[in-house]
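Enquirer: Quick one: structure below, then a few questions.
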Amino acid sequence: MFKIKRKEILRQVALQLFLLAVTAFVLFPILWIFSLALDPRNIDKPLELRLIPPGASLNSFRKILTEPFRLLCKDPSNVSTCMTFPRLLGNSLLVSLGTSVIAVILGASAAYAFSRFQFIGRQAGMLGFIVLIMLPASATLAPLYVLLTQVKVGTEPLRATLPGLMIAYGSGALPFAIWNLKGYFDTVPRELEEAAIIDGANQFQVFYRIIIPLSTPALAVTILFSFMSGWTEFILAWTFLENPSRFTLAMALRAMQGQFATPWSDFAALSILMSIPVVAIFFGLQRFIVSGLSMGAVKG
Amino acid sequence: MAEAQPVLARPTSRRREFRRRLRASLGPWLYIAPAGLVMLVITLFPQLFQVWMAFTDFRIKHLRFNLFNPDTWAQFAPPFVGLANFYKILTNQLAIENYDFWRILAFNLTWTVTNVFFHVVLGVAIALALNSKGLLGRRVYRALFVLPWALPGYITALTWKNMYDPRFGAINQLIAIVNNWLGTNFPTDTRWMDVAQPPIGGPLSFLPLAFYCVLLANIWLGWPFMTVVATGALQAIPEELYEAASIDGASGWQKFWKITAPLIRPAMVPAIMLGTIWTFNQFNVIYFISGGGPFGRTEILVTQAFKLVYEQRLYGVAAAFSIVVFFILLIITLINNRVTRATEAYYV
């Protein structure tokens, strides 16, 4: 009895040591960026490794949250035309949510067909969606720019609007959405659908009354990932948007990097503020993430 | 006559059968249509345009070429150059510093294989540790370990870049602290990204110090995904299997290779397939941390393609470059698909 207990304790200690080492590895860069954000000197790098640097303050956070971004102004001489944190946040949320909605609705519909029907072109279609993301998009920016400029929304080209960005990002998020959802739909027992059809439901009712509610985890993961892609993208946004009043947080962060000297504390503070919502959603959906990635569902 | 009839009837019934299947295919394609249309317009059209660009000498002055406006065609159409772009790419005849296609490809493959290897090994090991019975603090660890995955990749890449700063970066300062504690004398002014002398010689001498640095950063980023996937698969393994194995006198090692490994394999293979594509095209880490340096030796194909567009403005060459990268990835994916059969329908 005593021997078993000692072995158990040894095992626990070994596990804890291993996991604490992993924790240190994980937390090191995160603590570093916190310490940068607290540093009041706004220099490029602190002079010593300290979690709380000398004279630590939350000034950078206050600055980011309340002061206008002087790099993102319609008219650089007039501060009132500059973007502020709440407005950037609003744009970011709009773009990211729009991307999620496009990806999850269109993705679920296509994934259902791929999962449930045998039809001509099924294999080809399925591969087609993944093949498209393998073509690096480096040189497609120019044709996409021209294309979305052709479509006019009122007097403006679709390209320079936030819905234009949403469609572009949504299209980018679709292949993962389709593949992940298809894998998950595969695991929903077909008997449920057959029962519903006997009860008089049509194909579409089966889809949104049975498949959709039973696939919450996979839908949550799809929404999360497409949200994140819209939240952090800036290359397309920089190229397409013209009016600073539509700029996003990711673009503001990028703009800070573009200067001769990065204001590191402000950069760190904005990084943290931008990460908080994503991390919060991640934690909120954590129980879904394990089950919602359909990797486990794909039959080998 | 009665004998001949089936022979005559065959082609019509086959055609009818095809028509029936075509009609039955209409419904599924209606479900796919919305996604298909968006992808067709937003992704496929620019990609096809890119394919056309790859055969032309498309430069900055041709950007005013507009397919939808015939007035611009004569004036701004780029000259057709056939396979010249591909030829130049594969034979290293681009006027770019430190450009060597085969070296970049070799590096890109090394980068992908080493990263995915560490991601899977670490990811599974940590998932096993987290899944072991009676572990204290499981919930806390689970929450913390998802952080590298949850943080936006672009932000973490810039944070690591800052940490590798030779003068005041966190890494060199950490070494100074270790020196203080242990009385050791490691150099504290290493220029992580610039050292040209490879740390390991022999067959690995094509990997500069910067490679190990970006590798470390990308390991940090990549393993939690594998842990999450492995955890899902581990939780689905019935406990009885391990108990039965224990009764039969199996060691922990045997249990891992005979029970755990084969049962998490179906989940891990597609995750590895996805991880391979992600890592192969891991733009953020390379571009923002090492920038492809020193002397282009940590350049990967996507960062090179990006530089062709944004630094050289060689749109035609960049388009050809994208197609080359695409074929490499296509080969990798087809092999993977062969192995995993991921496109098979679950119900047949």
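Enquirer: Only one residue in B:Ala271, B:Ala244 is within 18 Å of the chain's Cα centre (by Cα) and either in the same structural domain as B:Val116 (by TED's automatic domain parsing) or under 26 Å from A:Asn180 (Cβ atoms) (or both). Which one?
Expert: Working: B:Ala244 fails: within 18 Å of the chain's Cα centre (by Cα).
Step by step, each of B:Ala271, B:Ala244 is checked, and only B:Ala271 is within 18 Å of the chain's Cα centre (by Cα) and either in the same structural domain as B:Val116 (by TED's automatic domain parsing) or under 26 Å from A:Asn180 (Cβ atoms) (or both).
Enquirer: Still on this structure, I have one more. Mind listing just one residue for me: the one in the range B:213-240 that is among the aliphatic types (A, V, I, L, M) and modelled with pLDDT of 90 or more and, of those, nearest to B:Arg191 (Cα to Cα)?
Expert: Start the filter on the range B:213-240 by keeping residues that are among the aliphatic types (A, V, I, L, M), which leaves B:214-217, B:219, B:221, B:226, B:228-230, B:233-234, B:236-237.
With the extra rule that they be modelled with pLDDT of 90 or more, the set shrinks to B:214-217, B:219, B:221, B:226.
Details: B:Val214: 14, B:Leu215: 16, B:Leu216: 16, B:Ala217: 16, B:Ile219: 21, B:Leu221: 22, B:Met226: 32 Å.
Only one residue tops the list, namely B:Val214.
Enquirer: Could you list, in sequence order, the residues of the range A:142-157 that are more than 7 Å from chain B (Cβ to nearest Cβ) and either on the phi < 0 side of the Ramachandran plot or part of a helix (DSSP H, G or I) (or both)?
Expert: The answer is A:Tyr145, A:Leu148, A:Thr149, A:Val151, A:Lys152, A:Val153, A:Thr155, A:Glu156, A:Pro157.
Enquirer: State whether one or more residues within the range A:276-290 are in contact with a Gly (Cβ under 9 Å, 6 or more places away or on another chain), closer than 23 Å to B:Ala157 by Cβ and within 12 Å of chain B (Cβ to nearest Cβ).
Expert: yes
Enquirer: While we're looking at this one, here's another question. Would you please name the residue that is farthest from A:Ala168 (Cα to Cα), looking only at residues in the range A:95-110 that are more than 8 Å from chain B (Cβ to nearest Cβ) and of a type in the set (Val, Ile, Thr)? Write out each step before concluding.
Expert: In the first step, residues of the range A:95-110 are kept if they are more than 8 Å from chain B (Cβ to nearest Cβ); the result is A:95-101, A:103-104, A:108.
When the remaining residues are screened for being of a type in the set (Val, Ile, Thr), the result is A:95, A:99, A:101, A:104.
Working: A:Val95: 10, A:Thr99: 8, A:Val101: 13, A:Val104: 14 Å.
Step by step, filter the range A:95-110, then rank; the result is A:Val104.
Enquirer: Do the conditions hold for B:Phe306, that is, is it facing chain A (nearest Cβ under 7 Å), at pLDDT 85 or above and over 20 Å from B:Ile272 (Cα atoms)?
Expert: yes
Enquirer: Within the range A:235-249, track down each residue that is buried (at least 20 other Cβ atoms within 10 Å of the Cβ) and among the hydrophobic types (A, V, I, L, M, F, W, C).
Expert: A:Ala237, A:Phe240, A:Leu241, A:Phe247, A:Leu249
Enquirer: Scan the range B:53-63 for residues that are surrounded by fewer than 16 Cβ atoms within 10 Å (Cβ to Cβ) and more than 8 Å from chain A (Cβ to nearest Cβ) and report the count.
Expert: The qualifying residues number 3.
Rundown of residues vs (1) buried (at least 20 other Cβ atoms within 10 Å of the Cβ); (2) touching a His at 6+ places or on another chain (Cβ under 9 Å); (3) at the interface with another protein chain (Cβ under 10 Å from one of its Cβ atoms), yes/no style:
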{"site": "B:Ile96", "(1), (2), (3)": "no, no, no"}
{"site": "B:Tyr99", "(1), (2), (3)": "no, no, no"}
{"site": "B:Lys133", "(1), (2), (3)": "no, no, yes"}
{"site": "B:Gly137", "(1), (2), (3)": "no, no, yes"}
{"site": "B:Pro152", "(1), (2), (3)": "yes, no, yes"}
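Enquirer: Let me spell it out: the conditions are (1) more than 27 Å from the chain's Cα centre (by Cα); (2) charged (D, E, K, R); (3) within 7 Å of another protein chain (Cβ to nearest Cβ), and B:Asp189 meets all of them except one. Which number is the exception?
Expert: The single condition B:Asp189 does not satisfy is (3).
Enquirer: Consider A:Thr149 against the criteria (1) within 19 Å of B:Phe327 (Cβ to Cβ); (2) in contact with a Lys or Arg (Cβ under 6 Å, 6 or more places away or on another chain): it satisfies all of them except one. Which criterion is unmet?
Expert: (1)
The values are calculated or read from the model by the stated rules, or taken from the named source; none is laboratory data. These numbers were taken from a predicted model, which means no experiment stands behind them. Note that each Cβ is placed from the backbone with ideal geometry, even for glycine, and that neighbours are counted across all protein chains shown.
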